[in-house]
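Read the structure below first, then the notes.
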Protein chains: 2
Amino acid sequence: MSDTTPELLASNKCFGGWLKRYKHTSTATGTEMVFAIYLPPQAQTEKVPVLYWLSGLTCTDENFMQKAGAQRMAAELGIALVAPDTSPRGTDLPGEHDSYDFGSGAGFYVNATRQPWSAHYNMFDYVTEELPALVEQYFPVTDKRAISGHSMGGHGALICALKKPGRYRSVSAFAPITNPVNCPWGEKAFTGYLGDDREAWKAWDACELVATAKEKLPLLVDQGEADNFLDEQLKPGALEAACEAAGHPLELRLQPGYDHSYFFIASFIDDHLRHHARALG
Amino acid sequence: MSDTTPELLASNKCFGGWLKRYKHTSTATGTEMVFAIYLPPQAQTEKVPVLYWLSGLTCTDENFMQKAGAQRMAAELGIALVAPDTSPRGTDLPGEHDSYDFGSGAGFYVNATRQPWSAHYNMFDYVTEELPALVEQYFPVTDKRAISGHSMGGHGALICALKKPGRYRSVSAFAPITNPVNCPWGEKAFTGYLGDDREAWKAWDACELVATAKEKLPLLVDQGEADNFLDEQLKPGALEAACEAAGHPLELRLQPGYDHSYFFIASFIDDHLRHHARALG
């Protein structure tokens, strides 16, 4: 249970429901954190299930709510949407604000073990435990949860679902970093947050986690074929091979012509919302 | 006919069609201008009609395409979307960049008559003549046109349709500045662009134009009741009274709880697209 009531920052009516931004004090990160929640019209009279959305590098809670166009279908299906920020804010650790792919806006949804990051960069605990507990305490939602995300947040969604059996009814991802232990973004982030022992990194890598996952939650993944980061950073083929080896169900959809932008996400978000709605019942 | 081929700046696949940004040299403004065009999938095999979207204060061509979620329904209906910028750019006139509601990002869709603005701030000619001519020359579109917009751009859409009978098949607006000669935003802009003679302002005011409009094109207007600018700047009641006095068809929809944001626009853009699709055939 959270000991601080979230403070309302902004509120907009949207598709008959309400989009709200809140600030609260987080135990996991030791900072204030901002998140956005979209409550569909159904939440005015009953508790609704929640889709958690994890955003990519440089994003905040705002990008998804402004650009994905997800509220329309969420209102139709009666699903709440929750979008956390992508890292702690308000700290000033050495080098924290120097690059777009490490530190601020690049928390990578791990629990950091290396100083000074471990004092604050515990985004895994934040998004899987603290935030859902707070959301379920203060808002008209059930404990039925789904999770999705984009790029770094796609990686986040996959590892949250794979590391927390029973916690999510469904998972999906757009252009996820599938194999961070083997790509430049992941190597930089994991070295910084977790240290030089590459064995320790494997606990935060979807391809590694699929091999030992107890719960075979089907993975829905959309990947644009014109994505600039496809071969070097995202590597959908690695996830495909890992799932095949482990017998883990994967629906990998390669979308011709689509890039890494929110225009790609908007084009297919309805499919993902329907996928989650089926699992959320 | 334009003498300069538009230069492609960016391209994103979206809902099976393509969103593209272009730069070109404008005769009307004497500057380079940027616009965005969304070509739905149908445009790959046939010419499609066009909805022009005029944005509000501080916006560029990007806000609508990123935040309104219009491409989904445009792709379904087979309508191209064109979003111009909201003012000339790249000039440095006295005071041009000093306030959000005059000069840069605030062209108000008039042809300025006052120096130094008259050399560049001819957004009315640009959006009603030069840009459609260029779009119809270089892209797979028909000469069936519709127009819509938000706030300052809602005012723009209404005056473009009212001042150019026969040019548009349909018109709609979100939270338009209906009576700029009688509100602070309009008074500031018209004084600057048109001078102190208030009689001259009337040629750019929807409520005034309705009184003498030869073509009774029905106006569809959505207005959020929780819009902060409702009473002081937007004045839907003035438009309602003017239309009633003139016998001009108006569907004014007051939407409880909605504000001035793109979340309001996104919530009702599909209705507007269907309205335009019916008129565009």
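The values are calculated or read from the model by the stated rules, or taken from the named source; none is laboratory data. A quick note: this is a predicted structure, and the numbers were derived from the prediction, not measured. Glycine also receives a Cβ, built like all others from the backbone with ideal geometry; neighbour counts cover every protein chain displayed. Ligands, DNA and RNA are excluded from the accessible area calculation, which covers all protein heavy atoms including side chains. Shrake-Rupley method; radii C 1.70, N 1.55, O 1.52, S 1.80 Å.
Remarks
- Restricting attention to region B:245-262 and to residues that are in contact (Cβ under 8 Å) with a residue 24 or more places away in the chain and within 12 Å of another protein chain (Cβ to nearest Cβ), the residue that is most open to solvent (accessible area, probe 1.4 Å) turns out to be B:PRO256.
- Residue pairs meeting the criteria (Cβ under 9 Å; at least 6 apart or on separate chains; first within 16 Å of A:PHE15 (Cβ to Cβ), in region B:267-279; second hydroxyl-bearing (Ser, Thr, Tyr) and surrounded by 19 or more Cβ atoms within 10 Å (Cβ to Cβ)): B:SER267/B:TYR258; B:PHE268/B:TYR258; B:ILE269/B:SER148; B:ASP271/B:SER172; B:HIS272/B:SER148; B:HIS272/B:SER172; B:LEU273/B:SER148
- Residues being more than 27 Å from B:HIS272 (Cβ to Cβ) and not in a loop (DSSP other than H, G, I, E, B) - total across region B:73-121: 6
- Only residues that are open to solvent by 20 Å² or more (accessible area, probe 1.4 Å) and touching a residue at least 12 places away in the same chain (Cβ under 8 Å) were counted across region B:5-27, and they come to 13.
- Of the residues making up region A:195-244, those that are within 14 Å of chain B (Cβ to nearest Cβ), in contact with a Phe, Trp or Tyr (Cβ under 8 Å, 6 or more places away or on another chain) and not acidic (Asp, Glu) are A:GLN223, A:GLY224, A:ALA226.
- Just one residue in the set A:ALA226, A:ALA206 is modelled with pLDDT of 95 or more and closer than 30 Å to A:LEU280 by Cα; that residue is A:ALA206.
- In the set (1) surrounded by fewer than 21 Cβ atoms within 10 Å (Cβ to Cβ); (2) at pLDDT 95 or above; (3) touching a helix residue (DSSP H, G or I) at 6+ places or on another chain (Cβ under 7 Å), B:SER2 fails one condition alone, (2).
- B:SER148 under 17 Å from B:PRO176 (Cα atoms) and either of a type outside the set (A, V, I, L, M, F, W, C) or open to solvent by 30 Å² or more (accessible area, probe 1.4 Å) (or both): yes
- Out of A:TYR38, A:TYR22, sole residue that is of a type in the set (Phe, Trp, Tyr), within 14 Å of another protein chain (Cβ to nearest Cβ) and touching a strand residue (DSSP E or B) at 6+ places or on another chain (Cβ under 8 Å): A:TYR38
- Residue tally, condition among the hydrophobic types (A, V, I, L, M, F, W, C) and within 17 Å of A:GLY56 (Cβ to Cβ), over region A:179-203: 4
- Options A:GLU136, A:GLU76: the member that is within 14 Å of another protein chain (Cβ to nearest Cβ) and open to solvent by 20 Å² or more (accessible area, probe 1.4 Å): A:GLU76
- Looking only at residues of region B:236-266 that are assigned to a helix (DSSP H, G or I) and touching a Gly at 6+ places or on another chain (Cβ under 7 Å), we find that the one that is farthest from B:GLN71 (Cα to Cα) is B:PHE264.
- Checking B:LEU9 against (1) over 15 Å from B:VAL135 (Cα atoms); (2) part of a loop (DSSP other than H, G, I, E, B), the condition it does not meet: (2)
- When B:PRO84 is tested against the conditions (1) away from chain A (no Cβ under 14 Å); (2) open to solvent by 10 Å² or more (accessible area, probe 1.4 Å); (3) at pLDDT 95 or above, the lone failure is (2).
- Every residue from region A:35-51 that is in contact with a Phe, Trp or Tyr (Cβ under 7 Å, 6 or more places away or on another chain) and either within 23 Å of A:PRO88 (Cβ to Cβ) or assigned to a loop (DSSP other than H, G, I, E, B) (or both): A:PHE35, A:ILE37
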